[in-house]
Amino acid sequence: MRAIWKGAVSFGLVSIAVKLYSATQEKDIRFHQVHRADGGRIRYKRTCSVCGEEVNYDDIAKGYDIGGGEMVVLTDEDFADLPLTTSHAIDVLEFVPAEQVDPILYNKAYFLEPEGAATKPYVLLRDALVDAERVAIVKVALRQREQLATLRVREGVLLLNTMLWPDEVRKPDFGFLDEDITVRPPELAMASSLIDSMAGEFQPDVFTDDYRAALQEVIDAKVEGREVVAPEEVEEAPAAAVDLMAALRASVERARAARGEQPEAGEPTPISAARSAQKAPAKKAAAKKAPAGKAAGKTTEKKAAPKKTAERKTSAKKAEPGAEKKTGARKAAPKKAPRKTA
């Protein structure tokens with residue numbers, strides 16, 4: 001690594017000489033603009049909009065547009081006269097708990113390395129920060145701009161995090177913030193269950209930039225003159241759920257399945273519950289469409305059925321042999337007299 005700044009950490013009456021190194025690097029794949037026909041690089045010329053001549057870097061100054069086509073030109077001498085007291089120092093202002101610093105303020109990170117005989121006070125400040133469990137709020141001038149920053153310990157090294165000024169953070173102004181939206185307790189409970197089922201310990205090494213890897217594969221294939229291997233297909237997103245609760249339940253089940261967990265015996269799964277929720281409206285609609293007369297007829301038939309059964313049982317009892325003995329002898333029917341013939 002190459003040091004981009006040299007200065008000293010001012011810690012009370014103690015001065016610690018340090019070198020500043022960029023702690024992060026972007027690994028985006030960069031491209032050049034080229035001519036599609038022959039691959040030639042596209043070059044741009046710095047020309048003046050007034051005289052049309054090409055301008056060298058040494059003749060370029062900084063201008064501030066005050067409107068109306070007027071420009072105020074500032075030279076290097078103008079910037080040199082500005083009162084930057086922290087031009088070569090990192091002034092410690094106070095020590096605060098780390099959780100009080102909103103992460104939205106963080107901008108860029110730098111490593112600090114002790115220089116020369118400053119190792120002893122460097123280690124002293126490092127260990128004191130660890131024992132106090134606090135971070136140092138500092139001011140530092142980088143690239144002719146005074147910046148607010150924090151100083152904390154990471155892997156045994158002092159880390160400087162430059163921050164945005166409070167007036168550089170935008171205020172959220174969205175319409176939904178003024179709407180009266182009520183979240184039902186069951187929905188909140190199900191959302192909490194989803195969070196619990198997806199909880200884990202953050203391990204940044206397990207995450208990879210899949211797009212960058214696929215793009216690098218395309219570039220390597222072009223260089224080697226071979227066929228590009230298509231990346232694996234991404235799993236399709238689930239279909240739209242019936243409602244928010246069904247979506248939450250299905251999400252919980254999916255998270256449990258990913259962890260190898262099985263639902264308890266007899267417990268309806270979120271997906272089955274979602275399917276039941278889809279079928280329920282259809283059954284209700286069918287019941288509403290059915291005529292009232294047909295439904296009443298079915299009810300009458302069901303109620304009349306026991307009476308017919310009772311009548312059949314009574315007839316069978318009368319037909320049993322020996323029934324006359326139990327109930328008494330029946331009177332014989334009188335025989336009809338023969339008709340007289342003239």
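Here's the yes/no breakdown for (1) among the small types (Gly, Ala, Ser); (2) over 31 Å from the mean Cα position of the chain (by Cα); (3) within 21 Å of PRO83 (Cβ to Cβ):
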{"site": "THR119", "(1), (2), (3)": "no, yes, no"}
{"site": "LEU124", "(1), (2), (3)": "no, yes, no"}
{"site": "ALA128", "(1), (2), (3)": "yes, yes, no"}
{"site": "ALA132", "(1), (2), (3)": "yes, yes, no"}
{"site": "VAL135", "(1), (2), (3)": "no, no, no"}
{"site": "VAL140", "(1), (2), (3)": "no, yes, yes"}
{"site": "ARG145", "(1), (2), (3)": "no, yes, yes"}
{"site": "LEU151", "(1), (2), (3)": "no, no, no"}
{"site": "GLU155", "(1), (2), (3)": "no, no, no"}
Filter result (exposed (fewer than 14 other Cβ atoms within 10 Å of the Cβ) and touching a strand residue (DSSP E or B) at 6+ places or on another chain (Cβ under 6 Å)) within the stretch 16-31: THR24
Residue satisfying condition, being modelled with pLDDT of 90 or more and open to solvent by 70 Å² or more (accessible area, probe 1.4 Å), within set ASP81, ASP58, ASP76, ASP131: ASP131
Failed criterion for HIS88 (all others in (1) surrounded by 10 or more Cβ atoms within 10 Å (Cβ to Cβ); (2) modelled with pLDDT of 90 or more hold): (2)
Identity of the residue in the stretch 103-116, in contact with a strand residue (DSSP E or B) (Cβ under 8 Å, 6 or more places away or on another chain) and aliphatic (A, V, I, L, M), that ends up most open to solvent (accessible area, probe 1.4 Å): LEU105
Spans of strands (runs of 3 or more DSSP E) in the stretch 34-149 with at least 1 residues free of Cβ contacts under 8 Å to residues at least 12 places away in the same chain: 62-67, 70-74
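The values are calculated or read from the model by the stated rules, or taken from the named source; none is laboratory data. Remember, it's a predicted structure, so these values are computed and weren't measured experimentally. Positions of Cβ are backbone-derived with ideal geometry, glycine not excepted, and every protein chain shown enters the neighbour counts. Side chains included, ligands, DNA and RNA excluded: accessible areas come from the protein's heavy atoms. Shrake-Rupley method; radii C 1.70, N 1.55, O 1.52, S 1.80 Å.
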